[in-house]
């Protein structure tokens with residue numbers, strides 16, 4: 001299909017159809033323009049976000065991040081008081097806290113710190 005034909009179907013000039021194709025190619029097309037082009041081509045526009053990893057992995061990663069922050073903060077305070085814990089215990093505490101957070105925190109897991 002030529003840009004002139006596409007423009008005619010969408011109801012715009014050939015130069016505007018070219019601009020639409022160019023915007024689509026460089027990632028700056030608007031959803032409205034894309035919807036109009038889809039309709040003109042007798043297509044349905046489907047706009048979706050596809051996660052890079054599973055929801056379970058995302059929750060576990062976030063829980064682990066928060067657990068590490070919390071445990072490191074506690075570890076720092078204990079170090080100032082000369083009450084260090086060994087690395088193995090710290091890792092175990094992080095893992096346990098992350099598990100608790102992922103099981104019970106719900107939307108609190110995603111609050112900004």
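Just one of (1) under 24 Å from the mean Cα position of the chain (by Cα); (2) farther than 30 Å from residue 97 by Cα; (3) assigned to a helix (DSSP H, G or I) trips up residue 39, so point out which. Residue 39 satisfies all of (1) under 24 Å from the mean Cα position of the chain (by Cα); (2) farther than 30 Å from residue 97 by Cα; (3) assigned to a helix (DSSP H, G or I) except (1).
In the set (1) assigned to a helix (DSSP H, G or I); (2) modelled with pLDDT of 90 or more, the condition left unmet by residue 77 is number (2). Checking each residue in segment 51-60 for being within 17 Å of residue 106 (Cβ to Cβ) and touching a helix residue (DSSP H, G or I) at 6+ places or on another chain (Cβ under 9 Å) picks out 56, 59, 60.
Scan segment 13-33 for residues that are surrounded by 16 or more Cβ atoms within 10 Å (Cβ to Cβ) and without any contact (Cβ under 8 Å) to a residue 12 or more places away in the chain and the total you get is 2. Checking the structure you have, find out if any residue of segment 55-72 is outside any helix (DSSP H, G or I) and surrounded by 10 or more Cβ atoms within 10 Å (Cβ to Cβ). No - not one qualifying residue is present in segment 55-72.
The values are calculated or read from the model by the stated rules, or taken from the named source; none is laboratory data. All figures in this text were calculated on a predicted structure; none of them were measured in a lab. Cβ sites come from the backbone with ideal geometry, for glycine too, and all protein chains shown count toward neighbours.
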